[in-house]
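These notes are about the structure you will find just below.
The values are calculated or read from the model by the stated rules, or taken from the named source; none is laboratory data. What you see is a predicted model; the values in this text were computed from it and never measured. Cβ placement follows ideal geometry from the backbone for every residue including glycine, while neighbour counts extend to all protein chains displayed.
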Amino acid sequence: MYDALTELADLSLELQKRSVTIPVAHRAIGRQVAVFEAMCSKPGPRLQEVDDALKMALFKGVALHSGSNSDVRINRQHSSEVWQKT
């Protein structure tokens, strides 16, 4: 996801330039489509990092586990309830 968002941010900046013409914008969009198609078959660096971490069950020195029933699910609703109680 990070890789795709980075690609879209770069494309957005390119298209926002005042000097961009329709043909240049068309080429940039076409190039980006090709990049996304290539990303489907070959993961970007961030996705590769996640895949490697899952295979090793280790991410940046922290052991990964599947979780248990005692783990607390974190979400906005739960967080806001905790803050309101304090």
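Check whether at least one residue in the stretch 22-31 is of a type in the set (Gly, Ala, Ser), surrounded by 12 or more Cβ atoms within 10 Å (Cβ to Cβ) and either at pLDDT 95 or above or out of contact with any Ser or Thr (no Cβ under 9 Å at 6 or more places or on another chain) (or both), and report yes or no.
yes
Which of the residues that make up the stretch 1-35 are in a helix (DSSP H, G or I) and among the polar types (S, T, N, Q)?
Correct list: THR6, SER12, GLN16, GLN32.
Restricting attention to the stretch 32-54, and to residues there that are within 19 Å of ALA9 (Cβ to Cβ) and among the β-branched types (Val, Ile, Thr), which single residue is surrounded by the fewest Cβ atoms within 10 Å (Cβ to Cβ)?
My answer is VAL33.
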